[in-house]
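What follows draws every value from the coordinates through simple rules; no lab data is involved. Keep in mind that what you see is a predicted model, and the values were worked out from it rather than measured. With ideal geometry, Cβ positions are generated from the backbone for all residues, glycine too; neighbour counts draw on all protein chains shown.
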Amino acid sequence: EQPEKFMESEVDLDEEVNKLKVLSASAELYPEFIKLNAVPSLLSLIGHENASIAADAMDVIRELTDSDVVEDEIEAAGALAQALVDNNVLELLAERLFQFKEAVPEEATAVFNSLQILENLVEILPAAAGLLGEKTQILPWLLRRGRAGAHDSNRLYASEILSSLTIGNGANQDRLLAADGVE
């Protein structure tokens with residue numbers, strides 16, 4: 001009940017999380033990052049009470065999985081993507097998407113970053129598309145987001161992700177049909 005008591009530690013945490021972005025410049029170190037059991041620690045921040053810290057954690061994951069970064073280190077990127085999936089990143093991202101308030105600019109950016117992470121993971125691990133449909137409620141969320149709200153980058157991106165998750169994936173197509181997503 002005394003948020004000011006924790007403000008300094010949250011500022012420190014925020015700074016430390018952002019320092020992890022430097023790892024994206026050395027994708028060959030991803031296997032070591034995995035061995036250090038840092039993936040579960042990073043993913044735990046997605047559920048952090050402070051939306052700014054959750055948003056920063058997602059930004060780090062987005063950077064680590066970015067196609068430009070992983071292009072030269074396919075094996076290391078695959079290992080990181082698999083570690084993220086094994087540690088429930090898909091479920092955590094989907095759950096957090098329901099909590100963000102896109103009227104807050106930082107949280108709207110976090111939504112965009114979350115969608116980019118999903119796209120990156122599906123690019124690296126195509127099986128993630130099926131897991132997203134099977135283990136999360138992301139397809140109905142993407143459908144709702146693509147239909148509603150202002151015409152903005154998140155609405156467009158949600159539509160693109162929805163399309164990529166259903167093309168060539170019969171199970172996701174069936175899920176979309178069940179969610180009245182034909183139109």
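Simple point charges give the picture: +1 on the Cβ of Lys and Arg, -1 on the Cβ of Asp and Glu, and for the chain a dipole about the Cα centre of about 740 debye. Straight-distance candidates among the aspartates and glutamates for linking to K135, with alpha-carbon spacing under 15 Å and chain neighbours fewer than 8 residues away dropped: D86, E91, E95, D174.
For the stretch 154-168, 3J(HN,Hα) computed residue by residue from phi via the Karplus equation (6.51, -1.76, 1.60; θ = phi - 60°) reads 5, 5, 4, 5, 4, 5, 5, 5, 4, 4, 5, 6, 9, 5, x Hz, glycine and proline entered as x. For every other residue with a beta carbon closer than 12 angstrom to the beta carbon of P140, add +1 if it is Lys or Arg and -1 if Asp or Glu, then tell me the sum. Local charge sum for P140: +3.
Go through Y157, A25, A55 and say which Cα lies farthest out towards the positive end of the charge dipole of the chain; charges sit on Cβ, +1 for Lys and Arg, -1 for Asp and Glu. Going by the Cα projections, it comes out as Y157. In percent, rounded to a whole number, the relative contact order of the stretch 30-183 is 21, using alpha-carbon pairs under 8 Å and six or more apart.
Other residues with beta-carbon under 9 Å from the beta-carbon of S114 carry, at +1 per Lys or Arg and -1 per Asp or Glu, a net charge of +2. Extension gain for A148 to L36 (0.36 nm times residue separation, less C-alpha to C-alpha distance): 36.1 nm. Among A79, A57, A27, the largest mean-square fluctuation in a Gaussian network model of the chain (Cα springs under 10 Å) belongs to A79. Taking label positions 7 Å along the Cα-Cβ direction at both D180 and S44, the computed distance is 4.2 nm, reported to one decimal.
So for the chain, Kirkwood radius off the Cα pairs, Stokes-Einstein at 25 °C and 0.890 mPa s: how many µm² s⁻¹?
145 µm²/s
Place a point 7 Å from Cα of E75 in the direction of its Cβ. Which residues in the stretch 107-131 have their backbone N less than 20 Å from it? The answer is 124-126. The H on the amide N of A179, modeled in the peptide plane, is under 5 Å from the matching H of no residue at least 5 residues off or on a different chain.
Rounded to the nearest whole Hz, the Karplus-based 3J(HN,Hα) values (6.51 cos²θ - 1.76 cosθ + 1.60, θ = phi - 60°) of the stretch 70-85 follow the sequence 7, 3, 8, 10, 4, 5, 5, 5, x, 5, 5, 4, 5, 5, 5, 5, with x at glycine and proline. Magnitude of the charge dipole for the stretch 59-167, about its Cα centre and with charges confined to Cβ atoms of Lys, Arg (+1) and Asp, Glu (-1), is about 780 debye. When the Gaussian network model of the chain links Cα atoms closer than 10 Å, the mean-square fluctuations of D152, D72, D86 top out at D152. Here the sum of -39500 (n - 2.57) over DSSP H runs of 4 or more residues, divided by the residues of the chain, equals -22000 deg cm²/dmol at 222 nm, to the nearest 500. Between A127, A103, V85, the Cα set farthest toward the positive side of the dipole of the stretch 45-183 (charges on each charged residue's Cβ, about the Cα centre) is that of A103.
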